[in-house]
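Below: one structure, written as structure tokens.
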Amino acid sequence: MARRPERGATPRRRQTRAEARAQRKALRASRRSEAGAGASLLAGPLLYLFRHRQALTAALQRARGAPLHSVLTSAVVGIALALPAAFALTLDNAERVAGDWQDGAAQISLFLDRDAGPQTLREQAEAAAERAGVAGVEPVTPDAALEEFRAGTDFDAALELLDETPLPPVLVVTADRGLDPGAVAELAESLADDPAVVRMRLDQEWVERLHAIMTLAERALWSIGVLLALAVILVIGNTIRLTIESRRHEIEIVKLIGGGNGFVRRPFLYEGLGYGLTGGLLAWMLTELGRWSLAGPAHRLAATYGTEFTLSGLGPTNGLLLLLGGAVLGVLGAWTAVARHLSAIEPR
Amino acid sequence: MIQFDRVSKRYPRAGQDGLRGVSLEIPQGELVFVTGHSGAGKSTLLRLIPRLERPSGGRVVVAGVDVGQLPRRRIPLLRQRVGVTFQDHRLLADRSVFANVALPLEITGVPRREAARRVRAALDKVGLLHKESSRPEALSGGEQQRVGIARAVVNRPPVLLADEPTGNLDPGLSEEIMQLFSSFVSIGTTVLIASHDLELIERLGHRTLTLRQGELVGDRPPREVA
């Protein structure tokens, strides 16, 4: 009893499959006859290019039809992209500055006994220079130090009152650049073990702190970047959704007379791409504008530290990456809208 | 060309039958009128052919293709092969007459120059070549109907459907439009026209199907017109 429907079902399924084959054949045949009659229908890659040019033209026409709308969306996307770009650029510049400082930062100052003469200073310098991990040693005699102190300050009169030089002889040891902070600290400790050394000072903590801050900022940049990328997708998605809504009538008619989903979808994807690209370009321009307006103050700030410093911009590689990022986000945003709303529109 | 095999269409919302067990066959190159009171199922019958509706039962076969079983992504291909005109014209108000007629060619991917040639030929056929750059709303009802016809035939579809093409036109214009449809039969197009203009249908003498409450109650063969 129970098997009877099964038996009945099998041949029927076969039949439908054969039918489907026949149908496909019929449809193909009808297409061929059309191509023969028209003799001008494009095929293969040419048709593909033609379709995309068509969609691009349609998207441009739509943008021209609603210029304010398009400009506003591009502006929002541009600002949303400019924020993380500017943040990244600031961080990049800060890292460059920190990098410059770090070159001379791992310096160990060894203060010798005040009674040590120039001879001892020289001997100590030679001994230190032979140690592993030492890139250079600069002996500073008390007189030289005093000269430097005089040049830098206005204590001439006060210094005249002193009978003898108040400053000790100093060895400024520069550590190898390849040493990590722990190794530098170890080196400093072992150098300080020498009985001739009275005091040691290592300027390193602030470099470590700076790096920790940089890492933190980088992490923050990623979160902000991800959030703003989402914002761009949502903004573009919403704009495309509104465009779809306002073109409901047109989409219905196009589907009515045989426009496939691809034909309907493509112009919207191009619209999203357009918003992404113009937004990316705008973001690039905004960061360059910001750099230009900050260049003067940054230069003056650097001058007070006695260094040369120019703010670096995005450069062509990062600029193109920004455009590419905008484009990808634009298409993604458009896709989210198209996937949700386009198939819901069916001709009545 | 078109076969209906015990086709029924039930509208679950309205709770009434659009069509009940309709079987018919229309060979290629024939002009057939579908007539009946409003609500008799004329529109439903037409809408089943380009799969604007799906039959609830039975089979609709167009050019050897079972329309009801057609997968979604193949529906556009079917609709490209079936030209349709509507009572409310369904034209795009923000495009010129030319662009409206060119739309089906845009969809099938006909190159611009060839498309322009075909659009002008279609507009010439319906006598609106001089209005190609007008907007649809600047045209009269009859002219809009003719733009719709031009759009329906510009792709040279083997099947042409018209839903009340003379719905709100004066008798002179109606006759003109019907003559236009007749002229497509001579190039092998199968034409199906839903209309309740019995007097005009009678005068033209083509095959006429009569529907009443979703059932096919009459199939009058063509009569030689003197």
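The values are calculated or read from the model by the stated rules, or taken from the named source; none is laboratory data. This is a predicted model, so every value here is computed, not measured. Glycine gets a Cβ as well: all are built from the backbone with ideal geometry, and neighbour counts include every protein chain shown.
Quick notes on this one:
- Flag for A:I236 being touching a Pro at 6+ places or on another chain (Cβ under 8 Å), assigned to a helix (DSSP H, G or I) and of a type in the set (A, V, I, L, M, F, W, C): no
- Output for the range A:302-337, where each listed residue is surrounded by fewer than 13 Cβ atoms within 10 Å (Cβ to Cβ) and either in a helix (DSSP H, G or I) or in contact (Cβ under 8 Å) with a residue 12 or more places away in the chain (or both): A:A303, A:T304, A:T307, A:T310, A:S312, A:G315, A:P316, A:T317
- Members of the range B:129-157 found to be surrounded by fewer than 22 Cβ atoms within 10 Å (Cβ to Cβ) and assigned to a loop (DSSP other than H, G, I, E, B), listed by number: B:E132, B:S133, B:S134, B:R135, B:L139, B:S140, B:R156
Condition check ((1) closer than 19 Å to B:E143 by Cα; (2) at the interface with chain A (Cβ under 10 Å from one of its Cβ atoms); (3) touching a helix residue (DSSP H, G or I) at 6+ places or on another chain (Cβ under 9 Å)) across all residues:
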site	(1), (2), (3)
B:L31	no, no, yes
B:T35	no, no, yes
B:P50	no, yes, yes
B:L78	no, yes, yes
B:G83	yes, yes, yes
B:Q87	yes, no, yes
B:V97	yes, no, yes
B:T108	no, yes, yes
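- For the range A:167-195, the tally of residues that are assigned to a loop (DSSP other than H, G, I, E, B) and among the polar types (S, T, N, Q) stands at 0.
- Selected residue [more than 20 Å from B:A40 (Cβ to Cβ) and buried (at least 17 other Cβ atoms within 10 Å of the Cβ)] from B:T189, B:T166: B:T189
- Exactly one residue out of A:I244, A:I236 is farther than 13 Å from A:I345 by Cβ, surrounded by 19 or more Cβ atoms within 10 Å (Cβ to Cβ), of a type in the set (A, V, I, L, M) and more than 20 Å from the chain's Cα centre (by Cα): that is A:I236.
- Residue match in the range A:272-284 (condition: farther than 14 Å from A:G325 by Cα, out of contact with any Pro (no Cβ under 7 Å at 6 or more places or on another chain) and not in a loop (DSSP other than H, G, I, E, B)): no
- Count of the range A:308-348 residues which are within 16 Å of the chain's Cα centre (by Cα) and not aliphatic (A, V, I, L, M): 9
- Checked across the range B:100-115, the condition of being outside the structural domain of B:V191 (by TED's automatic domain parsing), among the β-branched types (V, I, T), assigned to a helix (DSSP H, G or I) and in contact with a Ser or Thr (Cβ under 8 Å, 6 or more places away or on another chain) holds for no residue.
- Single residue of A:R122, A:R177, A:R150 found to be charged (D, E, K, R) and touching a residue at least 24 places away in the same chain (Cβ under 8 Å): A:R177
- Failed item in (1) part of a helix (DSSP H, G or I); (2) in contact with a helix residue (DSSP H, G or I) (Cβ under 6 Å, 6 or more places away or on another chain); (3) more than 14 Å from chain A (Cβ to nearest Cβ); (4) under 24 Å from B:L52 (Cβ atoms), with B:L173 passing the rest: (4)
- The range B:74-93, residues that are free of Cβ contacts under 8 Å to residues at least 40 places away in the same chain and more than 18 Å from the chain's Cα centre (by Cα): B:R74
- Unique residue being touching a residue at least 24 places away in the same chain (Cβ under 8 Å), of a type outside the set (S, T, N, Q) and assigned to a helix (DSSP H, G or I) when the list is A:E288, A:E250: A:E288
- Filtered residues of the range A:252-264 (kept if closer than 20 Å to A:L56 by Cβ, more than 7 Å from every other protein chain (Cβ to nearest Cβ) and surrounded by fewer than 20 Cβ atoms within 10 Å (Cβ to Cβ)): A:N261, A:G262
- Which numbered condition B:R120 fails, given (1) modelled with pLDDT of 95 or more; (2) within 14 Å of chain A (Cβ to nearest Cβ): (2)
- Taken over the range B:67-76, the residue count meeting the criterion of being in a helix (DSSP H, G or I) and facing chain A (nearest Cβ under 9 Å) is 6.
- If you check A:A125, A:A151, A:A157, A:A82 for being assigned by TED's automatic domain parsing to the domain that holds A:G290 and of a type in the set (A, V, I, L, M), only one passes: A:A82.
- Every pair of residues 6+ apart whose Cβ atoms lie under 9 Å, when the first sits in the range B:50-67 and is closer than 16 Å to B:G21 by Cα while the second is β-branched (V, I, T) and assigned to a loop (DSSP other than H, G, I, E, B): B:V60/B:I49
- All positions within the range A:216-264 that are at pLDDT below 90 and of a type in the set (D, E): A:E218
- Filter pass, A:R340 being part of a helix (DSSP H, G or I) and basic (K, R): yes
- Across the range A:286-311, the number of residues qualifying as within 28 Å of A:A75 (Cα to Cα) and of a type in the set (F, W, Y) comes to 1.
- For first residues located in the range B:199-218 and polar (S, T, N, Q), partners that are part of a loop (DSSP other than H, G, I, E, B) and lie 6+ apart or on another chain with Cβ distances below 6 Å form the pairs B:T210/B:G36.
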